[in-house]
Structures are given as C-alpha cells and as structure tokens.
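The values are calculated or read from the model by the stated rules, or taken from the named source; none is laboratory data. Keep in mind the model is a prediction, meaning the values are calculated, not measured. Note that we place each Cβ from the backbone using ideal geometry, even for glycine, and neighbour counts take in every protein chain shown.
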Amino acid sequence: MKKTTIAAGAISAIAAALAILAKSKEKTVERNTLRAARFRQPRRVLIVGATSAIAQEAAKEFAADGDKLFLVARNADKLQVVANDLSVRGAAQMETAVLDVNDTDRHAEVLARAADSLGGLDVALIAHGTLSDQPACEKDVSLTLREMQTNFLSVVSLLTLLANRFEAQRHGTIAVISSVAGDRGRKSNYVYGAAKAGVTAFLSGLRGRLDAAGVRVITIKPGMVDTPMTAHLEKGALFASAEAVGKGVYRAIVSGQEVVYLPWFWWVIMTVLRHVPESIFKKLSF
Ligand SMILES: NC(=O)c1ccc[n+]([C@@H]2O[C@H](COP(=O)([O-])OP(=O)(O)OC[C@H]3O[C@@H](n4cnc5c(N)ncnc54)[C@H](OP(=O)(O)O)[C@@H]3O)[C@@H](O)[C@H]2O)c1
C-alpha cells in the first residue's frame, strides 16, 4: 500500500475518532447541565442581538433551563416574536429592550435596565453583527466605517460597560460571537474580518483582566453558518446550522470554555490557514 494512502486513512480515522469524542463530550455537558438546572437558581441572562438566528437557538437552551432573559434587539416586532417563543419554552422571566447597537449613548441605560429588571446579571451574550459587503466597502469609506462601528466599536462600548459591572460584582460570564474571519484577513472579506479580529483581541485582553475577579470571558468563533446573514451565499459542506452553533454557544457558556470554534473542526482549518506563508496566502482567491 502506498504511504500516501496509509496517511490519508490515518487522518480520516483520527478525524472520525475526534468527531465521536466531541459528540460524547457534548452529550455529557448537556446531561450535566440538565441535572444541574433542577437544583440551581435561574441564571439571569442578557442577550444583545437577540433576534440573530444563532442567538435565538442559544436562548432556547437557556429558556428550557428555566432561566431569566433580557433580550435586546433593534427590530421591535421581531423581538416580540422571539420573546413570546422563549416565554413559551420556559423562561422564568422575559424582559426586552429595543436598541440599535450603534446608538452607543444608550448602552449604559439599557444595560442598567437589564440588571435592574432581572435583579442582576450572571451571563451576557453579545451576538449582533452584519456581514460586510466587501466590494462596496472598498469604494465607500463611510460604509467601511459603519461596518467597523457595528461589528467592532459597538461591541467595545458594550464590553467596557459590562466588564466594569461584572468586575465589581466579582462573578459572571461574558460571551461574544466573533468569527473565524477574525483569525486572518482574507482579500474577499477583510473589512468584516478586521472588525472581528478587533473583537477577538479585545476579548483576549479582557479575559486576562477579569480573571482575577472570577469573571469568565468567552470568545466564540463560528465558521460558516446558515442564517439570514449568509442567505445570499451558496451553501457548501462546511456550512453548519444555526441550531447546532446556537447549542454550541450555550454549551460554551455553561461548560467553562474560553475560546471556542464552532463547529470544532474550524480550529483545525484555521490553524492550517494561519500558518500558510503570506507569499502564498495573498494569491489565494477566497
Ligand atoms: N452566519 C455566519 O456564517 C456567521 C459566522 C461567524 C460569525 N457570525 C456572527 O454570528 C453573530 C450572529 O449572526 P447570525 O449568523 O445569527 O446572523 P443574523 O441572524 O443575520 O443575526 C444578525 C443580528 O444582528 C442584528 N443587528 C445587526 N445590526 C444591528 C444593529 N445596528 N443594532 C442591533 N442589532 C443589529 C440583526 O438585527 P435585525 O434582525 O434587526 O437585522 C440580527 O439580529 C454575528 O455576530 C455574526 O457576525 C456569523
């Protein structure tokens, strides 16, 4: 048998074994979480960008655990539909606020309202985002800056306020949906990628700062996910469902992970991509 055939066989066997291990770990975390849910106080969970398809799937898991939710989104009608659905699914308390995240002057007021109405915050998930139109951004500075505002600066504003609140209370979990796009800038997507790289770097520093206060900071890096954000893209084998990724977000929050690729195989893909020499990377078409 040729060496390349043996190597290919070994790689697929390792990948299959890793997939089985990951699945059994997910099941254990789900079982433990369900068991723990019966004996604990409801979590007080804030979700910004709560109408996002991924956030909705994560929120369904918190609702099923009987947690208290404060949902923030910019579209009042969509927000109401999501809130009604999560109430039916078991949320112990349901509060909402309408906010365009680019209205940063209102961030402090909305976060204070969330904490007041839930009696404090245990978990904050930031999920909003827009997939930038790269060719349009290249021709329009103001559009590029708006994308940076939505995907990076609004997150920085929310995180700065949340960090101070969580640091003072000395507990809690802050999770943000960044992206694998932030791991390396690609020519087809570098405006969005740069904003997410900023988010990832900010979270990395914040994790270090808040560790002493016992506050967990989680960076979630999905690969390609089938949601309204990617509705215009052709779906290939690497696309995951919003449900699978949303459940992964929930698992990361309840299980104590810090940097999470969803699905997990994106860690392998991005590790390889990060090591491709610049002279080759710049010629790749994606
Ligand atoms: N889908 C993917 O392939 C993928 C991959 C990696 C990372 N992500 C990240 O995952 C997160 C969730 O995205 P998704 O895939 O679930 O897409 P989605 O369903 O389109 O959700 C995006 C959400 O962001 C909200 N949003 C956008 N601009 C806003 C603003 N100015 N103020 C308030 N809310 C705003 C949208 O609100 P409206 O409903 O009002 O539009 C929507 O709820 C994002 O951070 C995204 O960057 C997605």
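Would you confirm whether any residue within the stretch 213-231 is under 29 Å from D65 (Cα atoms), modelled with pLDDT of 95 or more, more than 20 Å from the chain's Cα centre (by Cα) and in a loop (DSSP other than H, G, I, E, B)? Yes, the stretch 213-231 has at least one match.
Residues of the stretch 66-84 being among the charged types (D, E, K, R), more than 16 Å from R106 (Cβ to Cβ) and touching a residue at least 24 places away in the same chain (Cβ under 8 Å), which ones?
D67, K68, K78
In the stretch 245-278, how many residues are away from the ligand (no atom under 12 Å from the Cβ), over 18 Å from D183 (Cα atoms) and outside any loop (DSSP other than H, G, I, E, B)? The qualifying residues number 7.
Results for (1) touching a helix residue (DSSP H, G or I) at 6+ places or on another chain (Cβ under 6 Å); (2) within 13 Å of the ligand (Cβ to nearest atom); (3) closer than 28 Å to E243 by Cβ, shown as yes or no for each residue.
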{"site": "G182", "(1), (2), (3)": "yes, yes, yes"}
{"site": "K187", "(1), (2), (3)": "no, no, no"}
{"site": "G205", "(1), (2), (3)": "no, no, no"}
{"site": "D211", "(1), (2), (3)": "no, no, no"}
{"site": "V215", "(1), (2), (3)": "yes, no, no"}
{"site": "I218", "(1), (2), (3)": "yes, no, yes"}
{"site": "D226", "(1), (2), (3)": "no, yes, yes"}
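Among the residues of the stretch 53-64, at least one is within 11 Å of the ligand (Cβ to nearest atom) and of a type outside the set (A, V, I, L, M). Scanning the stretch 129-168 for residues that are assigned to a loop (DSSP other than H, G, I, E, B) and either within 17 Å of R216 (Cβ to Cβ) or within 16 Å of the ligand (Cβ to nearest atom) (or both) returns G129, T130, L131, S132, D133.
Go through the stretch 176-188 and give me each residue that's closer than 24 Å to D100 by Cβ and either surrounded by fewer than 24 Cβ atoms within 10 Å (Cβ to Cβ) or of a type in the set (S, T, N, Q) (or both). Once the filter is applied, which keeps residues that are closer than 24 Å to D100 by Cβ and either surrounded by fewer than 24 Cβ atoms within 10 Å (Cβ to Cβ) or of a type in the set (S, T, N, Q) (or both), the stretch 176-188 yields S178, S179, G182. Of L79, L69, all but one fail to be among the hydrophobic types (A, V, I, L, M, F, W, C), in the same structural domain as V110 (by TED's automatic domain parsing), away from the ligand (no atom under 12 Å from the Cβ) and touching a Ser or Thr at 6+ places or on another chain (Cβ under 9 Å); the exception is L69.
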